[in-house]
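S.K.: Sharing a structure below in structure tokens format, with a few things to ask.
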Amino acid sequence: MPEAAIEFHRVEKHYGGRKVVDGLSFDVRVGECFGLLGPNGAGKTTTLRMLLGIAAPDAGSIRLCGEPIPARSRIARARVGVVPQFDNLDPDFTVRENLLVFGRYFGLSAAQTRALVPSLLEFARLESKADARVAELSGGMKRRLTLARALVNDPDVLVMDEPTTGLDPQARHLIWERLRSLLSRGKTILLTTHFMEEAERLCDRLCVIEEGRKIAEGAPKALIASEIGCDVIEVYGPDPLALRDELAPFAVRIDISGETLFCYVDDPQPVLARLKQRDDLRYLHRPANLEDVFLRLTGREMQD
Ligand SMILES: Nc1ncnc2c1ncn2[C@@H]1O[C@H](COP(=O)(O)OP(=O)(O)OP(=O)(O)O)[C@@H](O)[C@H]1O
Ligand SMILES: [Mg+2]
């Protein structure tokens, strides 16, 4: 395996005359977890589809496990496991049958896959569901089955499009723990997510894309330090505009999103002193996080 498990170099993709991926470059090193973040429609899924050889780029070059894509995508894909944005399990088959069918795609015999099934089910905590039909599973169980299925070929690289969207907090924490265990076994992970906590916890590095262009890249902590670099006080309550005027002299910056005011402060004390006198407000003083970075870079308004 070369040093970079994934290489994207100035990749472009157009749909109907519109550039949806626009000169995108990034590398994912062997053994790291790399996050692709961006608002709805930013081009994350399109990027992954090009990486897997499902969609053809209009310009630029892509390598996956050292193989040029799309020319040798079949060869590269043998070493890759995929969790698509929307589950494509067969609802009429059982959990076990879904795994068996997938093993066949990778050229495994039924006996070979059958031997793997117990460990895959254990990994996904689905031991008791082996003979349940997929249609009977909860959303979290389906997601875990999709993850187990992506491991059938013992891949070096996992490509996951929003692995935890739609899951409750317990299910999400379970998936995070499973992904950590894959990383500790030396797997490389490329994932997309809308959960900043997920990116902050799991990703060694990430890039933020908007309208198909990279707008930031780095380790989560470094991005938080460079893009925000101070504490945040969130305030909820009536009339955020008037409050903004009152707090502005003591803040580095103030953003308003709906009924929440985000006050960026080097010294929180003057702002906290004023807020303590107001019993009509709720507020929270916290360190800056990746969500602040994301919203700072992409704006606090809805995009699509
Ligand atoms: N096959 C297609 N034909 C035409 N337009 C497409 C096609 N696939 C994607 N697009 C457009 O490309 C843009 C990027 O879509 P993409 O699905 O890659 O975004 P995304 O970042 O994955 O968004 P989300 O977070 O909502 O999943 C969108 O404007 C989408 O409408
Ligand atoms: Mg998507």
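Each value in this text was obtained by applying a stated rule to the coordinates, not by laboratory testing. Only a predicted model underlies this, so the values are computations on that prediction, with no experimental measurement involved. Positions of Cβ are backbone-derived with ideal geometry, glycine not excepted, and every protein chain shown enters the neighbour counts.
S.K.: In units of 2.2 N^0.38 Å, what is the alpha-carbon radius of gyration of the range 4-224?
M.R.: Normalised Cα radius of gyration, the range 4-224: 1.00.
S.K.: Also: Whole Å is fine, so just give me how far the alpha carbon centre of the range 141-175 lies from that of the range 1-26.
M.R.: Each part reduced to its Cα centre gives a spacing of 24 Å.
S.K.: Excluding same-chain pairs closer than 8 in sequence, count the lysine pairs in the chain whose Cα atoms lie under 18 Å apart.
M.R.: Value for the chain: 6.
S.K.: Which percentage, to the nearest 5, of the DSSP beta bridges contained in the chain is antiparallel?
M.R.: Approximately 70 percent, going by the DSSP bridge assignments.
S.K.: How about the range 79-139: which chymotrypsin sites (Phe, Trp or Tyr not before Pro) there lie in a loop by DSSP and see at most 10 other Cβ atoms within 10 Å?
M.R.: Here the sparse-neighbourhood loop sites are 86.
S.K.: Could you state the principal axis extents of the C-alpha atoms in the range 70-169, from the largest down, to the nearest angstrom?
M.R.: 38, 32, 22 Å, listed from the longest principal axis down.
S.K.: Kindly express, to the nearest 10 degrees and within the range 0 to 90, the angle between helix 139-150's C-alpha long axis and the longest C-alpha principal axis of the chain.
M.R.: Compared with the principal axis, the helix lies near 50 degrees.
S.K.: Summing -39500 (n - 2.57) over the DSSP H runs of n ≥ 4 in the chain and dividing by its residue number, what mean residue ellipticity at 222 nm do you reach, to the nearest 500 deg cm²/dmol?
M.R.: Result for the chain, helices only: -10000 deg cm²/dmol.
S.K.: Let me ask something else about it. Quick one: plug the Kirkwood hydrodynamic radius of the range 230-287 (C-alpha pairs) into Stokes-Einstein at 20 °C, 1.002 mPa s, and report D in µm²/s.
M.R.: D = 195 µm²/s.
S.K.: Okay, next question. Non-local amide H neighbours of residue 210 (under 5 Å, H modeled in plane, Pro and chain starts lacking H): which ones?
M.R.: Close amide H contacts, sequence-distant or interchain: 215.
S.K.: Report ³J(HN,Hα) in whole Hz for each residue of the range 91-105, in order, from the Karplus equation J = 6.51 cos²θ - 1.76 cosθ + 1.60 where θ = phi - 60°; Gly and Pro get x.
M.R.: These are the phi-based 3J(HN,Hα) values: x, 8, 8, 7, 4, 4, 5, 4, 5, 5, 4, 5, x, 4, 4 Hz.
S.K.: In addition: Taking 7 Å along the Cα-to-C-beta vector as the label spot, tell me the residue 279-residue 184 distance in nanometres, rounded to one decimal.
M.R.: Those two pseudo-labels are separated by 5.0 nm.
S.K.: Quick check: residue separation of residue 125 and residue 239 times 0.36 nm, minus the Cα distance between them. What number comes out in nm?
M.R.: 36.2 nm
S.K.: Among 82, 208, 265, which one shows the biggest mean-square fluctuation in a GNM of the chain, springs joining Cα atoms closer than 10 Å?
M.R.: For the chain, modelled as a Gaussian network with Cα springs under 10 Å, the answer is 265.
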